[in-house]
Amino acid sequence: MPTRPSLDSIALMRQWLLLLVLAVIAGQVLRLIGMPAADFLGSMLVAIGLGVRGARIRVPALAFKFGQGCIGLLVARSLSAETLASIAHDWPVMLLATAITVVMSLLVALFLVRYGDLPGSAAAWGLSPGAASAMVALAEDHGADSRVVATMQYVRVVCVVLIGAVVSHALGSDVTPPQIPTGTAPLGFTVPANGILTILVLTGSVLIGARFPAGALLVPLLAGSAMQLGGVFIIDLPQWLLCLAYGALGCYVGLRFDRATFDFVVRRLPSMLFSALALIALCALSALFIANLLGKDFLSVYLATSPGGLDSMAIIALDTQADVGLVLAMQTMRLFGVVLIGPYLARQIIRLSR
C-alpha cells in the first residue's frame with residue numbers, strides 16, 4: 001500500500017511558503033462564503049493539514065503572543081464606558097454562567113474518565129474551560145500528562161471555533177471586518193501618533209504579559225482599555241497587522257497537530273470528540289437560560305459561554321458584530337476562575353474517579 005509523501009523532506013523555507021499561500025487562499029475562500037474569523041479559521045485548518053503531513057515548521061511562541069496582544073487591543077477598542085457599566089450591572093448573572101460552565105466541565109470529565117480510557121488528571125485538565133496554553137502549563141506543573149492535556153485542549157478549541165463560526169453564520173449575522181477608528185484622541189494625538197503609540201503599547205504590554213498565563217492577551221487588553229477610556233490615544237491597528245495576528249494564532253494552534261499527536265488522537269478521538277461536543281452542547285443550553293436572564297441575543301451569550309479560548313471567541317465576536325464586551329467579560333471571568341480553582345477541581349476529579 002503506497003504511503004502518502006511527507007513534508008519532512010521539503011526545505012523549511014518551502015514549507016513556510018506553502019503554509020502562507022494555502023492559508024491566504026483558505027482565508028479568502030472562507031471570507032467569500034461569509035464565514036466569521038476567516039483568516040484565523042483558514043490558517044488553522046491549513047496548518048493542521050500540514051502538521052499532520054510532517055511539516056517541521058513551528059510558529060515562534062513570541063509571534064503567538066504578539067497575535068494575542070493584537071486581539072487584546074482590538075477587543076479593548078470595542079469597550080466603552082456604557083459597556084463597562086452594563087457588565088458591572090450584570091456581574092451576578094455572569095458569575096452564575098461561569099459556575100455553570102465549570103460544573104458542567106467537571107461532570108463531563110468524570111464521564112470521560114469512566115468510559116473514555118483516560119487518566120483522571122489528564123481528563124480534568126484537558127476539559128478545563130480556560131486558555132489552552134495556560135491549562136497545559138498548569139497540568140505540567142501538577143504532574144499530568146501534558147501531551148494528553150494539550151491534545152484534548154486543542155481538539156476542543158478546534159471544535160469550538162468550527163462550531164462557533166458555523167453557528168454565527170447560520171444565525172445570519174452580518175460578517176464585517178472590525179472597523180478600526182481613525183482621528184484625534186481627546187489629548188490631541190493625530191492618526192500617525194495613534195498608530196505609533198498603539199505599536200508601543202502592544203510591544204511593551206506583550207513583553208510584560210508574556211510572563212503570566214494568558215497575560216499576552218490580558219495585559220494589552222487592560223492597558224489599551226485604560227489608555228483609550230482615559231483619552232490618552234485612540235487604538236489604531238493597521239489591517240495588515242490584524243491579518244498577521246489572526247494567521248499567527250491559527251497556525252500556532254494548527255501546527256501542534258503533528259503525526260504523533262494525530263495517531264494518539266485517532267485512538268481516542270471518539271471519546272475526546274464526544275466530551276468536547278457534549279460540553280459545547282451543554283454550554284449552548286445554558287446560553288439559552290443566561291440569554292433570557294440578561295436580555296441579550298443568543299449569539300453573544302453563546303460565544304460568551306462557549307468553552308473555547310478567549311482570543312478565538314473574541315475574533316468571532318468582533319467579526320459578527322456580537323456584544324464583544326459581554327463575550328470578553330464572561331470569558332475572562334471564567335479564565336481567572338479556572339486558573340485559580342483548577343488544581344482543586346483536578347484533585348476532586350481524580351478522587352471521584354477512583
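Just so you know, all these numbers are worked out from the coordinates, no wet-lab data involved. Predicted model only: the values in this text are computed from it and were never measured.
Observations
- Annotation: amide H of ARG56 has no partner in the under-5 Å range at sequence separation 5 or more or interchain, hydrogens built in the peptide plane.
- Sequence-ordered 3J(HN,Hα) estimates for segment 269-278 from the Karplus curve with 6.51, -1.76 and 1.60 and θ = phi - 60° stand at 4, x, 5, 5, 5, 4, 5, 5, 5, 4 Hz, glycine and proline given as x.
- Taking the alpha carbon gyration tensor of segment 208-313, multiplying each eigenvalue by 5 and rooting it gives semi-axes of 30, 24, 12 Å, largest first.
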